[in-house]
Every structure is written in structure tokens, then in C-alpha cells.
Amino acid sequence: MKILVCITHVPDTTSKIQFTDNNTKFDKSGVQFIIGPYDDYALARAVELKEQTGGSLTVLNVGEAETEPTIRKALAIGADDAIRVNAFPKDSLFVAKQIAHYAKEGGYDLILMGRESIDFNGGMVHGMVGELLGMPSISPVMKLDIEGSTAKMAREIEGGKEYLEVNLPFIAGCQEPIAEWKIPNMRGIMSARTKPLNVVEQVSDEAATGVVEFKLPPAKGEVKLIDKDNVEELVKLLKNEAKVL
Amino acid sequence: MSILVYIEQADGAIKKTSLEAVSFAKALADKEGGDVVAVALGTIDQGELAKTGSAGASKVLHVNDEKLNAGVIQAHAAAVAQAFEKVAAKTLILAKSSLGDAVAARLAIKLNAGLVSNVTDLPETGSGYKVKRSIYTGKAFAETELTTDNKILAVKKNAIDLKTDGADATVEDFDVNLDESVFAAKITSTDQATGDILLPEADIVVSGGRGMKGPENWNLIEDLAKELGAATGCSKPVSDIGWRPHHEHVGQTGVKVAPTLYVAVGISGAIQHLAGVNSSKYIVVINKDPEAPFFKAADYGIVGDAFEVLPKLTEAVKALK
Ligand SMILES: Cc1cc2nc3c(=O)[nH]c(=O)nc-3n(C[C@H](O)[C@H](O)[C@H](O)COP(=O)(O)OP(=O)(O)OC[C@H]3O[C@@H](n4cnc5c(N)ncnc54)[C@H](O)[C@@H]3O)c2cc1C
Ligand SMILES: Cc1cc2nc3c(=O)[nH]c(=O)nc-3n(C[C@H](O)[C@H](O)[C@H](O)COP(=O)(O)OP(=O)(O)OC[C@H]3O[C@@H](n4cnc5c(N)ncnc54)[C@H](O)[C@@H]3O)c2cc1C
């Protein structure tokens, strides 16, 4: 089985989000970048599936040269090779067009992505790629098994889950608990240095959206503390001040 | 010109967030001109369909095909695309949800439409078409410009107040042509908590963390939730250890909630948990540690032992009635 996992290069979940250049650019200073947590789940499951069925595992990122350490980490976790589409990822459509092209070229049986990126939270690239390739796209997938040419999975829905079956090839947007995050070991890290990381060019310049300005939410006021022996006071405040009861 | 709204249903009941999307579309139509047409898929009775009218729709296209009761992503996308063409819409509005996102993404390609998700405010259409959306899991916003003729906006919960005073909508049966291929993904069964208030849609949420010590103590969380008419949630470790089901896990890697009131009990307030709750209007924190980071994100707080505070709080809420 040929598996493709698409990964984002995103600020660590503990990062303080700030902007520069008149609020038009993300401020990268002091920020550590990681594989998107959902993409990391997808990758972990892909490594397990490859162990079971054999075949190959490729990771792909649409991004500039700065994303290579993140891609190397995916190679250390267990991908065999990597593709970096050398372009600034302008928006979801732009990214989807690049992925669709290279996914088609590679003829993958299974394409795994994260349910959403943790920077722009679009939750849409898998669906767009699915439509561009005429393939089913299912998200968010929390359990995935492959039996022959059939994928069996559980998809999270509000308040529960739904079980599905679909024939390969198809695309899944993954989330926990599909697999446990894998931490690269020393051997993985060493071998990642020499695994192929192919840099390819963008195939389309199309985008549908652009950010005009970034904004931060207003700062939160001080918390009002209520004595633990006077919980009635809290209920009063919620009713009369916040007016939520 | 019509603005189309994609309606989601569960067991024949229209989701409240979809009605909010109708009200959002109505506010947009009032600004831009035009009317609001909803498209509803699957078995839904007339009375339920009429609710879209009170939320602001003048017409509902009803695709009364039971094969569409379940959220078959490709089939829903194909049906909504046909409705979009029928009413010659330029804008599609829907509620952000696990199904909505998946359907909208496919529609963006089908309709050559720019898609913006997590929309928090009505678009500004003075010069260019600009939409405010939430990004970095609620830690920031992006004023986003759409450059396409056709547009799709996936609206975040609470982006607008639900309208309830509209006139009845006319219901029109609408037949769609669906190719067998859109049913390629087969839903074999579903496993859903019934009767409970769904977490992503709840107006009040009561969540417990590791400070609750074990699943046997969850009755304290549930009792308060019941009095408040709230959904229950939890922190990630709580669902990881299996004290609570995964769909209750709130945060960066779980459900993002946007209630009017979020009550956090025995949760430390790690940044990844806060990422899932920072769209709440009010936050109450109950924690025995006065240094717990959650207090910095809270509007109201009680420093105390959850096992003492919760029963008293439940009683106090009961006494209010
Ligand atoms: C420094 C920096 C600045 C950026 N600035 C912008 C910006 O201003 N505007 C903007 O729209 N985007 C920007 N991006 C790109 C952003 O990270 C996303 O890749 C892109 O916006 C798609 O986001 P989404 O939320 O719609 O993805 P989603 O639809 O939420 O992603 C779903 C899945 O698709 C896959 N995927 C998404 N993006 C990529 C990718 N780039 N490569 C490979 N797989 C991917 C992943 O598996 C992901 O989990 C920037 C990225 C970086 C590193
Ligand atoms: C990439 C990544 C993603 C993550 N995503 C999420 C996510 O989506 N959601 C999430 O929740 N976490 C997430 N986490 C984990 C997060 O960092 C924290 O570890 C987690 O939120 C802590 O859960 P907790 O507050 O329940 O437990 P703890 O941090 O152990 O806190 C327990 C709290 O209970 C209090 N307490 C103890 N006893 C009592 C008592 N008797 N009465 C009152 N209070 C009491 C303590 O003072 C403490 O503050 C993520 C982590 C990473 C690295």
C-alpha cells in the first residue's frame, strides 16, 4: 500500500500568538514550530498501517524551506521519503491544488491528513483535495483499519460516532484516538538525515482568500473571586450581572 | 438574489446552529438585499421545516430522500450544489460543524467558491468582501478578503443571535439527481448519545478535569449540569484515561465550545484546554489551587474543594427556580 500523509508546520500549542508589520504577518520570534498535532496522529497511524501491510509512506508539506526541520521530524518518526512543494501556502485552496497534483502523480492508495491545521483551523483541505481528485474524503476520523482494499473507520459526530466503510483510494482527516503520537528514537533521527526530501515546484497559483489584517482578542478582565462558603453569591452574579441563568 | 443556507438535521430535528446560520444569512440579506432560502436534506416534517422561517428564511427547499438522513458527505455536497444552482445563489451560509466543514470543502471546489470557516461576524462589503474569522484556535482573528464571485461562509456558534420572529417559510419539494458514486462511503452504523444536550451546541457547559479524581465522582458534574440544562465536557487526560467518552474532550485537540457559560471544575487551565473554551462568553472556575492558571482566564472563580463546592452550587441553582 502506498500511503501519503500531508503535514503542516505550525506554532507549538503553547506559543504566544503575536503579529508584526502592522498586524499583517505572524511574528515568528521565539516561536517553536511543530508537526500539526492532528497531522501527527495521522502520521502515527500511517506508520502502524505500513508496519501491518507493507508498502511505502511519503509525507508532503506545502511550505517554504523553513519547514524542512518539521519534515525531517516526520521522516524520523517513520516516513520513508518526503515531498516539499516549495511555495508560501497562501490559503487552503492554494494548498489543496498543490496536494491534489502531487497526490495524483504519486498514485497513493491512502491519503491521510489532520482534521484541521492548528493555525488557520480551516478543516477543509482534505475535502477540497477529495473533490479535486473525485475521491471520497472523510473527516474527522478517530479509528481506521484497512482490510484488503476496504477502509473501515469511525468518524466523530456531535455527541458520538458513526462507522463507515469505503473502498481505497480515499482521503481521511484524522484526530485522536486514531493512534498515539510517536516520539522519534535515536535511530529514526539518524536515518532521517539521509532519507530523500524532494523539493518540487508549485503547479498552480490560484487562491481564493487573503488575510488583510490579523487581530488579537481584547484582554480578559480580572477574575471575581467568590467565597467557597457563599456559593449563592455566584448564582446571583450569574443571574443578575452576567445574565446567563 | 437569494442567499442559500445548508441546514443540518439529527433524527428529523433541525440543529440550532443551522437556525443560527439562517439568522446570519437573514442579517446579511437585510444589509445586501435579497432573500434567504434554506436547503434541508432527508426526512423532516413540515412543522420542523417551518422553523427556518422564524429564523429568517422565506423558503425551504426540501430534498425528502431518506438516503440523505445520514450525513453522507459527498451526497450532501452534490445535493446542496444543485440547490445553489437552482436558486442562482452567489453565497452559501452554513454552521461550522464536523459535517458542515466536510461538505463545505467539497462545495468550494464544485462551485468555484471561496470558503471561509469559523466566521465570527457579518461580512463587510464596502470595499472588497471582508470576513472576520477566528484563527489559532481562538487565540486570534483574521480579517479575510474573498476574491471569488461565489462565496461560502461557515459560521461559528454565537456569531449572531438566533432570530425567532420571522414569518413562516414556504416549503417546496426539491428533487435532486444523485449519482451512485456519491454514496461510495457507506455508513454502517451510528453510536450516539440520545437525549443529551450536544456539547458543541450547548449554551452552558460544565466540564470536569483530573481534579475530579475518578469517573465515580462524575455524578457531581452531571447533577450541576442537569440543574443548569448544560452539556458535560472534560479535559483531555480525563478522556485519555477513559473516565469520559472522547466526544466530551474539550480543547485544542478536542471539541471547541462557544457557550454563554463554561464552568470548569478541577481543571488546571493548560493553554491547550483554554484554546477550546476561549470563545465562551463567561467562564466560572472552581479549583482548590488559587494559583491554577485557569483563574486568569475566568470571569468568576471559587477557590475550594470541588467535592464541597459542587453539591452546594447545585442546591443554590435549584433554589433559584
Ligand atoms: C509561517 C506561515 C505563515 C502562513 N500564513 C498563512 C496565511 O497568511 N494564510 C493562509 O491561509 N495560510 C497560511 N499559512 C498556511 C497554513 O499553515 C495552512 O497550510 C493553510 O492555510 C491551510 O490551512 P487550513 O487551516 O485550511 O488547513 P486545514 O484544512 O485545516 O488542514 C487540514 C489538513 O490538511 C493538510 N494541510 C493543510 N495545510 C497543509 C500544508 N501547507 N502542507 C501540507 N498539508 C497541509 C494537513 O494534513 C492538515 O491537517 C502559513 C503557514 C506558515 C508556516
Ligand atoms: C499538543 C497537545 C494538545 C493538547 N490538547 C488538549 C486538549 O484539547 N484539551 C485538554 O484539556 N488538554 C489538552 N492537552 C493537555 C494539557 O496540556 C493538560 O495536560 C491538561 O489539560 C490537564 O488536564 P487537567 O486540568 O484535567 O489536569 P491537571 O493539570 O492535573 O489539573 C487538575 C486540576 O484540578 C485541581 N484539583 C485537584 N483536586 C481538586 C479538588 N478536590 N477540587 C478542586 N480542584 C482540584 C488541581 O488544582 C489542578 O488545577 C494537550 C497537550 C498537548 C501537548
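Just to confirm the filter: which chymotrypsin sites (Phe, Trp or Tyr not before Pro) across the stretch B:221-287 are DSSP coil and have at most 11 other Cβ within 10 angstrom of their Cβ?
Of the chymotrypsin sites (Phe, Trp or Tyr not before Pro), not one in the loops of the stretch B:221-287 has a Cβ with at most 11 other Cβ atoms within 10 Å.
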Lys, Arg +1 and Asp, Glu -1 on Cβ, resulting dipole of the protein assembly as shown about Cα centre, debye, nearest 20: 1000 debye
For the protein assembly as shown, the percent of accessible surface on carbon and sulfur atoms (probe 1.4 angstrom, ligands and nucleic acids excluded) is 48 percent
For the table A:Lys195/A:Lys215; B:Lys163/B:Lys296; A:Lys28/A:Lys220; B:Lys96/B:Lys163, the rows whose alpha-carbon distance is greater than 28 Å are A:Lys195/A:Lys215; B:Lys163/B:Lys296
Using 0.36 nm per residue of separation minus the Cα-Cα distance, give me the extension gain between B:Asp45 and B:Asn177 in nm, one decimal. 45.3 nm
Counting Lys and Arg as +1 and Asp and Glu as -1 over every other residue whose Cβ sits under 15 Å from the Cβ of B:Ile135, the net charge comes to +2
Centre separation in Å (Cα based) which lies between the stretch A:120-196 and the stretch A:69-102: 15 Å
In nm², the average projected area of the convex hull spanned by the Cα atoms of the stretch B:199-320 is 6.3 nm²
Could you give the angle, 0 to 90 degrees to the nearest 10, between helix B:218-228's Cα long axis and the longest principal axis of the Cα atoms of chain B? 60 degrees
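Which loop trypsin sites (Lys or Arg not before Pro) in the stretch A:179-245, with loop taken from DSSP, have no more than 12 other Cβ atoms within 10 angstrom of their Cβ?
A:Arg193, A:Lys220, A:Lys243
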Any chance you could get the radius of gyration and Dmax over the Cα atoms of chain B, in Å? 20.8, 61
Per principal axis, descending, Cα span of the protein assembly as shown in whole Å: 66, 62, 50
Which values of log₁₀ I(q)/I(0), to two decimal places, follow from the Debye formula for the stretch B:2-183 at q = 0.08, 0.17, 0.19 Å⁻¹ with a uniform point scatterer at every Cα? -0.21, -1.02, -1.29
Give the angle, between 0 and 90 degrees and rounded to the nearest 10, that separates the Cα long axis of helix A:37-53 from the longest principal axis of the Cα atoms of chain A. 30 degrees
Between A:Gln52, A:Gln202, A:Gln98, find the one with the highest GNM mean-square fluctuation for chain A; connect C-alpha pairs within less than 10 Å. A:Gln52
Which value in Å is the Kirkwood Rh of the stretch A:2-219 over different Cα pairs? 17.7 Å
So, with points 7 Å from each Cα along the Cβ direction, the A:Ser29-B:Asn64 label distance in nm works out to 6.5 nm
Tell me, what ³J(HN,Hα) does each residue in the stretch A:180-185 have, in order and in whole Hz, if you take phi through Karplus 6.51 cos²θ - 1.76 cosθ + 1.60 with θ = phi - 60° and put x for Gly and Pro? 8, 3, 9, 9, x, 9
Here the stretch B:196-206 yields Karplus 3J(HN,Hα) values (6.51, -1.76, 1.60; θ = phi - 60°; whole Hz; Gly and Pro given as x) of 6, 7, 6, 3, x, 9, 5, 7, 10, 10, 10
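Tell me, what is a quarter of the convex hull surface for the C-alpha atoms of the stretch A:183-245, in nm² with one decimal?
If I average the Cα hull's projected area over directions, I get 12.5 nm².
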Cβ-defined net charge surrounding A:Ala172, 11 Å radius [Lys, Arg +1; Asp, Glu -1]: +4
Report ³J(HN,Hα) in whole Hz for each residue of the stretch B:95-101, in order, from the Karplus equation J = 6.51 cos²θ - 1.76 cosθ + 1.60 where θ = phi - 60°; Gly and Pro get x. 7, 5, 6, 5, 7, x, 4
Using 0.36 nm per residue, how much length does the chain from A:Arg187 to A:Lys239 gain when fully extended, once their Cα-Cα distance is taken away? 12.8 nm
Estimate for me the total accessible surface buried between chains B and A (protein heavy atoms, probe 1.4 Å, no ligands or nucleic acids), in Å² to the nearest 100. 6900 Å²
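Around A:Gly127, with a cut-off of 14 angstrom between Cβ atoms, what is the net charge of the other residues, counting Lys and Arg +1 and Asp and Glu -1?
Values: positive: A:Lys97, A:Arg115, A:Arg155, B:Lys96, B:Arg106, B:Lys110; negative: A:Glu116, A:Glu131, B:Asp101.
Summing Lys and Arg as +1 and Asp and Glu as -1 gives +3.
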Please get the size of the charge dipole for the stretch A:59-98, origin at its Cα centre, with Cβ charges of +1 on Lys and Arg and -1 on Asp and Glu, quoted in debye to the nearest 20. 80 debye
Give me, ordered by chain and number, the residues 5 or more places off B:Ala10 or on other chains with an amide H under 5 Å from its own placed amide H. B:Lys15
Express the accessible area of the stretch A:62-116 per residue in Å², computed with a 1.4 Å probe while the remaining protein chains stay in the model. 34 Å²
So for the stretch B:2-183, averaging the separation of alpha carbon pairs under 8 Å that are six or more residues apart and normalising by length, what relative contact order in percent results? 29 percent
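Using a 1.4 Å probe, what is the accessible area per residue for the stretch B:199-320, in Å²?
Ligands and nucleic acids excluded, the figure is 35 Å² per residue.
The values are calculated or read from the model by the stated rules, or taken from the named source; none is laboratory data. On a predicted model such as this, the values are computed, not experimentally measured, just so you know. No Cβ is skipped: glycine too gets one built from the backbone with ideal geometry, and neighbour counts run over all protein chains shown. These accessible areas exclude ligands, DNA and RNA; they are computed on the full protein's heavy atoms, side chains included. Shrake-Rupley method; radii C 1.70, N 1.55, O 1.52, S 1.80 Å.
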